[in-house]
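A short worksheet on the structure shown next.
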Amino acid sequence: MLPAALAGCFRSEKPVPPAAAPLAAMPAMLAEADPEVLALKAEVARLTAENKQLRMTPSALAADVRSAVVAQNGPQAQAALKRLADSFPFSAELAPATRQVNALLARLQADETERKRVAALGFKALKTRPAFFWSDTELRLHDASFTRRWIFDSYGSGWSYLDPEKGQRLLTATVSVSSKSKDPALFGIGAYVADGPKLTQVGSFRYRFAHWMDFGAVLGNHADFRNDFGHTSRIPFTVGASIDQNVIKRRPLYLVVTREGCHKRHQDRLLQPPIHYLPESCASLKKTLTVDDFRDGTLAVLKRID
């Protein structure tokens, strides 16, 4: 036996077992290893894939084609059409879907060709059209010229007029507005000159009535239904803008119209005539325009003056 003094110096050491997995994780670990669980998961995956395959009907795939065509997404439309053709080559939906995609691709190609043509020629490539239609309203330009006096609100043997300030010239035009609406806002019109790769605004047009029934209508003593869209579908106007004389030399000059309704009808009994159109903010007629601003059809060139 060891002496008692030495016996206290020795301890019996037992090996420490490795850390056990948390008790909460053990059921999940056991379930992962359970063959029945693995079989159920495989069956779920199989059924999911089968359900996805069953949903690939000709009508569903054709709907994917139509969605891509509406979004004007050429690559997506072609991919959707290929899925339909590969899965259902003899379906009734394939022929109309093919026509839709071909029409979209042709339209996109034409748009790209036009974009390149306009980019190459600049503003000279912009088509001019004296008639501009949007929604239920149409504006038609009849003539335009520089003048030293703008005449409007004619009645019998009388009329009103406006002369330009010093150093200015008036650019006036005769237009007619047709509308199904009883109170349409009139399109904004601006005058621009070419300035390298952009157009710079040099004038903003205002509307005046071309003529009235008589002086009593001008005074507001009685109505002239020929100048009221609530009673007639077409009204003649004259528009005018004051432009610096030095700017006029910088040809060509463009008359640009926007589909924005920038001129609203107002009535004021203290004015003669009491009915008039006042201009409001016209965001699309910016101080400077590029060719790209004309691409979506918001703007158009009514006339080019060389």
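The values are calculated or read from the model by the stated rules, or taken from the named source; none is laboratory data. The shown structure was predicted, so the numbers you read here are calculated from the model rather than taken from an experiment. Note that we place each Cβ from the backbone using ideal geometry, even for glycine, and neighbour counts take in every protein chain shown.
Overview of results
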read-out: Residue within the range 74-90 that is of a type in the set (A, V, I, L, M, F, W, C), out of contact with any helix residue (DSSP H, G or I) (no Cβ under 9 Å at 6 or more places or on another chain) and at pLDDT below 95 present; value: yes
read-out: Residues satisfying the stated conditions in the range 273-306, i.e. polar (S, T, N, Q) and surrounded by 14 or more Cβ atoms within 10 Å (Cβ to Cβ); value: S284, T298
read-out: Among the residues listed as F123, F152, the single one being assigned to a strand (DSSP E or B) and either surrounded by fewer than 11 Cβ atoms within 10 Å (Cβ to Cβ) or in contact (Cβ under 8 Å) with a residue 40 or more places away in the chain (or both); value: F152
read-out: Flag if S160 is out of contact with any helix residue (DSSP H, G or I) (no Cβ under 9 Å at 6 or more places or on another chain) and hydroxyl-bearing (S, T, Y); value: no
read-out: From the options A241, A223, A283, residue that is touching a residue at least 24 places away in the same chain (Cβ under 8 Å) and of a type in the set (A, V, I, L, M); value: A241
read-out: Residues satisfying the stated conditions in the range 69-95, i.e. assigned to a helix (DSSP H, G or I) and either of a type in the set (K, R) or free of Cβ contacts under 8 Å to residues at least 24 places away in the same chain (or both); value: V70, P75, Q76, A79, A80, L81, K82, R83, A85, D86, A95
read-out: From the options V175, V193, residue that is at pLDDT 95 or above and either farther than 30 Å from A125 by Cα or not hydroxyl-bearing (S, T, Y) (or both); value: V175
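Table: residues versus (1) assigned to a helix (DSSP H, G or I); (2) under 30 Å from the mean Cα position of the chain (by Cα); (3) of a type outside the set (V, I, T).
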| site | (1), (2), (3) |
| --- | --- |
| A223 | no, no, yes |
| I235 | no, yes, no |
| G240 | no, yes, yes |
| L255 | no, yes, yes |
| R265 | no, yes, yes |
| L271 | no, no, yes |
| Y277 | no, yes, yes |
| A283 | no, yes, yes |
| K286 | no, yes, yes |
